[in-house]
Amino acid sequence: MKFLQYSVLPFLLVVVILSLSGATLVHSHGDFLHCLSLHLANSSTISKVIYMRNNPSYSSVLNASIQNTRFSTPATPKPLAIITPLKTSHIQSTIYCSKKHGLQLRIRSGGHDFEGLSYVSEVPFVILDLLNFRAVEVDTKNKVAWVQSGATLGELYYGIAAKTKTLGFPAGVCPTVGIGGHFSGGGYGILVRKYGLAADHIIDAQLIDANGRILDRKSMGEDLFWAIRGGGGNTFGIVLAWKIKLVPVPVVVTVFTVNKNLEQNVTKILHRWQYIAHKLPDDLYVDVGITKVSSSQAGKKTVQAAFIALFLGGVDELIPLVQERFPELGLAKENCSEMSWAESVLYLGRAPRTSLDMLLDKNVIPRTIFKAKSDYVKEPIPESGIEGFLSMFLEKEADFASMLMVPFGGKMEEIPENELPYPHRAGNLFQASYIVGWSKEENAESGKYISWIRRFYSYMATYVSKSPREAYFNYRDLDIGSNNISGYTSYQQASIWGFKYFKNNFKRLVQVKTMVDPMNFFRNEQSIPPLSSP
C-alpha cells in the first residue's frame, strides 16, 4: 500500500507564531492553534489544513458533506476550527494538541451522520475531516482493495468497476456515504444476504490511537481489530484505511421494482413478504420501501410499498423463481432490467443511472432534514399490525416519511452474533428503519415531526425485538440513550443505549476501550466509555 505512512512521526517541540488576525479566541484555543502549527512547514500548508471561523471557506468546508441539514442551522454549535489533514503527521498533531489543550475532537469521514455526532458538540471542539484521505487501490489478482476512510462508497465502487466486472463489495447503496463511518459500524447493503456485512470482509486496517501511534492489524492486536469492525472506529482512534476482501459478482445482474398500494392489497402482500424474503435463495434480495403517494383518486393520498430487488443472475432465471416463491407480487418481465452490479448500486440507491460517473457525484442524493430510528423484527407482524402502521403514513406529519424493510437470512444466519460487535444476525427476519423529514421552512415546527416518528416507534414496540429492543449503530438515535459529554459516563448509563446496538458485545467493547483509550479522549454522545475515566 503506497498511500499511507507506517512510521510514527515524532512531535517537534518548536515554537511557531501563527497569525490569527480577526479571530476572537480564548487563550487555550489560541494555544491549540499555535500547537497545531508546529508540523505545518509554511503558511500555504496551513491554509489548506486549518479552517478558522474567520476563514472565508470555513462554512463551505463545514457544510460540504453534511447530509442531514437538521445540523447545519445558525443555532447548531460550530467547531473552533476544521482540520483537513494532508498527511498522517497532521492527524497526529491534531490529536496531540487537542489532548494538551482540552478540546474535544470530532472525526468526520463523510457526513451521513443521523445525529450529527461527527461534526457537532456542546463543548468546545474541533473537527478532523478526512476528506483528503480518499485513495482507493484495487488489486484484482488477489481480490482485495485498500480504501481510505475519507472515500465514499461511490468512489470505492467506481474504483472496483474500473478494474473488473466480476468483483464487488457488500456495502451500502448510497454513493455519498463515507467509508470510515459505514465500515466501522458494520455496514449492510444489497449483498447482505449473499455475503453479510462490509465489516465481515475487512482483513486489515490502519489506525492512529490516542497516543499518536500508527497501528495495523498485527500491531493493534485482535481485540482492537475486532472492535473497530462494528463498534465504531472513532471510539478507539482514527481509522485511516481499510483492507477489504472483494467478492464475486456476475457480469449481468437483474433488478426490478413492483409498486403496490392500499387499493392493491398491499397489506396482504407485505404480510406474505415477511414469510418469504429471508428464505429466498441468497442470490435474491427483495427489500420494501413504504411511503405516502398520490392516489388514483384526484386529491387523495394512499400508501405505497415499493418492492425493489437485486438478483445475481439473468432475468430468465429470475422470473420463474419469483413466480414460484412469491406469486402474490405479480412480477412481470417488464418490471425487470439487466445491468452490471455497479449500475445496480445506483438503481437500488434510488440514484440516477445516466453513467457510472454518478457514483462520484457528491450531490447525487438530495440533502434533507430528517430524524430516523431503527428496529429488528424476529416474528412476522400480523396483518392488523401492518394496517396500523400503514395508516400512520396517512397522517399529515408523514408527508415526507418512509419505512425501509431489509430482509436478512442467508449469510446473516451463518455468522455468530459475537463474531463482530454487530450482533443482529440469526433469528432476524428483517431490519426496519423509519425516517421522517420536513422542509427547511418548517424547521421551527420540527417538534411535530419528531413527535410523529416517536409515536410510530412506540407503536412498533409490540412487533419488534425486546430485552433489549435492538437498534443499528450506524443509524444513531440519541432518543435511546446518551453519554455525559462533558463528564464521567458510567458503564450502567452507557449500557442503556449500548446493549441496544451491541447486545452482549457491549461488555467486550468496554473492555477494549479501557485497554486502548483509558482516558476517554475519543468520545461523543454514543461512544464506548472506559470502565473508569477522570
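The values are calculated or read from the model by the stated rules, or taken from the named source; none is laboratory data. On a predicted model such as this, the values are computed, not experimentally measured, just so you know. All Cβ positions, glycine included, derive from the backbone under ideal geometry; neighbour counts span all protein chains shown. Heads up: the accessible areas ignore ligands, DNA and RNA and are worked out on the full protein's heavy atoms, side chains in. Shrake-Rupley method; radii C 1.70, N 1.55, O 1.52, S 1.80 Å.
Before moving on, here are some points about what is shown:
- Listed residue (ILE290, LEU394, GLY180) projecting farthest to the positive dipole end of the chain, Cβ model: GLY180
- Sequence-ordered 3J(HN,Hα) estimates for the stretch 234-243 from the Karplus curve with 6.51, -1.76 and 1.60 and θ = phi - 60° stand at 6, 7, 10, x, 10, 7, 7, 7, 10, 9 Hz, glycine and proline given as x.
- Once the Cα atoms are used to define both axes, helix 446-460 deviates from the longest principal axis of the chain by about 60 degrees.
- Placing pseudo-labels 7 Å out from each Cα toward the beta carbon at TYR459 and SER57 gives an inter-label distance of 4.8 nm.
- With every protein chain in place, the stretch 399-456: carbon and sulfur % of accessible area (1.4 Å): 50 percent
- The chain: proportion of alpha-carbon pairs further apart than 36 angstrom, %: 32 percent
- The chain - charge dipole about Cα centre, Lys and Arg +1 at Cβ, Asp and Glu -1, debye rounded to 20: 780 debye
- Average accessible area per residue (Å²) across the chain - probe 1.4 Å, nucleic acids and ligands excluded: 39 Å²
- On Cα atoms only, tilt of 491-502 relative to the major axis of the chain in degrees: 40 degrees
- For LYS194, a cut-off of 15 angstrom between C-alpha atoms picks up these aspartates and glutamates, skipping any fewer than 8 places away in its own chain: ASP282, ASP283, ASP287, GLU413, GLU414.
- Reducing the stretch 419-438 and the stretch 99-130 to their Cα centroids gives an inter-centroid distance of 25 Å.
- For the pair GLU395 and MET519, a Förster radius of 35 Å applied to the C-beta separation gives a FRET efficiency near 0.15, rounded to the nearest 0.05.
- Extension gain for GLU222-THR76 works out to 48.7 nm (0.36 nm per residue, less the C-alpha to C-alpha distance).
- Net charge in the neighbourhood of LYS371 (other residues with Cβ under 10 Å of its Cβ; Lys, Arg +1, Asp, Glu -1) is 0.
- Fraction of antiparallel bridges per DSSP, the chain only, in percent to nearest 5: 90 percent
- Available extension along the chain between SER355 and TYR488 is 42.9 nm, counting 0.36 nm per residue and deducting the alpha carbon span.
- Within the stretch 503-534: backbone nitrogen closer than 13 Å to the ARG213 label point (7 Å, Cα to C-beta): 515-518
- Computed from backbone phi with θ = phi - 60° and the Karplus coefficients 6.51, -1.76 and 1.60, the 3J(HN,Hα) list for the stretch 368-377 is 9, 10, 7, 10, 10, 8, 9, 8, 10, 10 Hz; x is used for glycine and proline.
- Accessible carbon and sulfur surface of the stretch 483-533 relative to its total accessible area, %, 1.4 Å: 55 percent
- Rounded, prolate or oblate (a/c below 1.5 giving rounded, otherwise prolate when a/b exceeds b/c) for the stretch 483-533 by Cα gyration tensor: oblate
- Surface composition of the stretch 21-129: carbon and sulfur atoms hold 55% of the protein heavy-atom accessible area at a 1.4 Å probe.
- Estimated at the nearest 10 Å², the accessible area of LYS333 is 120 Å² with a 1.4 Å probe.
- One decimal place: the segment VAL293-ASN418 gains 40.9 nm when fully extended, by the rule 0.36 nm per residue minus the C-alpha distance.
- For the chain, calculated [θ]222 nm from helices alone, where every DSSP H run of n ≥ 4 adds -39500 (n - 2.57): -8000 deg cm²/dmol
- Spatially proximal aspartates and glutamates relative to LYS78 (Cα-Cα < 20 Å; intrachain offsets below 8 disregarded): ASP31, ASP113, GLU115, GLU122, ASP129, GLU525
- Across every direction, the projection of the convex hull enclosing the Cα atoms of the stretch 21-129 has a mean area of 6.6 nm².
- A Cβ-based charge dipole, computed about the Cα centre of the stretch 248-393 with Lys and Arg at +1 and Asp and Glu at -1, lands at about 740 debye.
- Straight-distance crosslink candidates among lysines, where the alpha carbon sits under 17 Å from LYS396 and sequence neighbours closer than 8 are dropped: LYS292, LYS300, LYS301, LYS371, LYS440, LYS448
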